[in-house]
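Remarks on the structure that follows.
The values are calculated or read from the model by the stated rules, or taken from the named source; none is laboratory data. Since the structure is predicted, the reported quantities are computational estimates derived from the model, not experimental observations. Here the Cβ positions follow ideal geometry from the backbone for every residue, glycine too, while neighbour counts run over all protein chains shown.
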């Protein structure tokens, strides 16, 4: 089945015939060849690193509404969303300005030094942010045991010529030789690599949806019911996010791999997108529910929505890495992160402005208040769905073939 071929086929990489002593990339390739099983230890290490990366910005959302209100930044309750949007945008704007630089540098000097350098940061608040800083420091120490994947050796020209001549002799009359030459040419220019760029666009649209939803959900849940919100406290929102985070962990670990094996990367993304669109239409009526049904329904909807986003993001990650060779992945991911950060910088600012407008138009005749907010989110998700079809999304040959 094509879906199984998509999930089972490894990322595009060239396996070296010779392992060079002192090259961390060769050491990693040798370790993978000698231990073909799943490296759960490395996976856990990378999970901790991703957790530390997300904590600084994600931890702000539960109390951002109350922080802007208590500090007196907004003069009216209806204006809180406007200012909250710009706070969320500032972090992603900084990431957008530096992502390509760090990606190119990682392809030159290695992955580990860049990870260590970019871990250092400064947090503006004391209790929660001090705890996050401690976690960052612990993870920083753990980088000592993180293996490098960049190949640092230089192949001798004479040996390289011999290998090339052998390959030409063996494949000169075959279609595989033309295919390899074509693939090599495509890999040289990242910006002209449409399978890469189209998967990055899908990734960016999904991240825009994710960031806008995260911004709006916290503001909407914490706003008063007379403004169409849920009148949740910061603790209530935090509890919902904890349950949602735990569900994503379980989903990504045990359920997502089986879904991709059955449906494939593209169909999994389409199903997740459709589910996300349906869920967004159910959010405005939730304000009419009372506890405990309100908390139950909000938790279920938040879990399904977040798992849908996680599905699309993970599938686009796989498509991106299948589109480039190993020595270009850091630069490719730098481009993806820069574009994604630009989208994420505009998302909270735009979401905050729309939310602030919606608070002042609760009695409009068409799409009053919060209904307009979630309707616009649905429009973004519709663009995600459209982009999963041709000619917009170009699937790498490694992923499309079974």
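Against the definition (part of a helix (DSSP H, G or I) and either over 15 Å from the mean Cα position of the chain (by Cα) or in contact (Cβ under 8 Å) with a residue 60 or more places away in the chain (or both)), how does residue 208 come out, yes or no?
For residue 208, the condition - part of a helix (DSSP H, G or I) and either over 15 Å from the mean Cα position of the chain (by Cα) or in contact (Cβ under 8 Å) with a residue 60 or more places away in the chain (or both) - is met.
Does residue 382 satisfy the criteria of being assigned to a helix (DSSP H, G or I), surrounded by fewer than 19 Cβ atoms within 10 Å (Cβ to Cβ) and modelled with pLDDT of 95 or more? Against the criterion (assigned to a helix (DSSP H, G or I), surrounded by fewer than 19 Cβ atoms within 10 Å (Cβ to Cβ) and modelled with pLDDT of 95 or more), residue 382 qualifies. Only one entry of 234, 247 meets the criterion of being closer than 23 Å to residue 208 by Cβ, touching a helix residue (DSSP H, G or I) at 6+ places or on another chain (Cβ under 8 Å) and touching a residue at least 60 places away in the same chain (Cβ under 8 Å), and that entry is 247. Picking from residues in the range 284-300 that are within 14 Å of residue 227 (Cα to Cα) and under 30 Å from the mean Cα position of the chain (by Cα), the one that is surrounded by the fewest Cβ atoms within 10 Å (Cβ to Cβ) is 285.
Condition check: out of contact with any strand residue (DSSP E or B) (no Cβ under 8 Å at 6 or more places or on another chain), surrounded by 17 or more Cβ atoms within 10 Å (Cβ to Cβ), over 25 Å from residue 268 (Cβ atoms) and in contact (Cβ under 8 Å) with a residue 60 or more places away in the chain. Does residue 362 satisfy that? No.
Residue-wise test of (1) part of a helix (DSSP H, G or I); (2) at pLDDT below 90; (3) farther than 14 Å from residue 305 by Cβ.
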site	(1), (2), (3)
232	no, no, yes
258	yes, no, yes
262	yes, no, yes
281	yes, no, no
291	no, yes, yes
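For the criterion of being buried (at least 21 other Cβ atoms within 10 Å of the Cβ) and closer than 30 Å to residue 396 by Cβ, residue 214 passes. With respect to residue 324, determine if the residue is part of a loop (DSSP other than H, G, I, E, B) and either more than 19 Å from residue 212 (Cβ to Cβ) or touching a residue at least 60 places away in the same chain (Cβ under 8 Å) (or both). When the stated conditions are applied, residue 324 passes them.
Restricting attention to the range 360-377, does a residue exist that is under 19 Å from the mean Cα position of the chain (by Cα) and part of a helix (DSSP H, G or I)?
From the range 360-377, those under 19 Å from the mean Cα position of the chain (by Cα) are 377; that's our starting set.
Filter again for part of a helix (DSSP H, G or I), leaving 377.
Yes, because at least one residue in the range 360-377 is under 19 Å from the mean Cα position of the chain (by Cα) and part of a helix (DSSP H, G or I).
Would you say residue 266 is on the phi < 0 side of the Ramachandran plot, part of a helix (DSSP H, G or I), surrounded by fewer than 20 Cβ atoms within 10 Å (Cβ to Cβ) and touching a residue at least 12 places away in the same chain (Cβ under 8 Å)?
On the way: on the phi < 0 side of the Ramachandran plot: yes; part of a helix (DSSP H, G or I): yes; surrounded by fewer than 20 Cβ atoms within 10 Å (Cβ to Cβ): no; touching a residue at least 12 places away in the same chain (Cβ under 8 Å): yes.
It is false that residue 266 is on the phi < 0 side of the Ramachandran plot, part of a helix (DSSP H, G or I), surrounded by fewer than 20 Cβ atoms within 10 Å (Cβ to Cβ) and touching a residue at least 12 places away in the same chain (Cβ under 8 Å).
Checked against (1) modelled with pLDDT under 75; (2) closer than 30 Å to residue 395 by Cβ; (3) surrounded by 18 or more Cβ atoms within 10 Å (Cβ to Cβ); (4) more than 21 Å from the chain's Cα centre (by Cα), residue 95 passes all but a single condition, namely (4).
Scoring residue 352 on the criteria (1) under 18 Å from residue 276 (Cβ atoms); (2) surrounded by 14 or more Cβ atoms within 10 Å (Cβ to Cβ) leaves a single failure, condition (1). The condition (being over 25 Å from residue 332 (Cβ atoms), modelled with pLDDT of 75 or more and either surrounded by fewer than 17 Cβ atoms within 10 Å (Cβ to Cβ) or out of contact with any strand residue (DSSP E or B) (no Cβ under 7 Å at 6 or more places or on another chain) (or both)) is satisfied by just one residue among 122, 76: 76.
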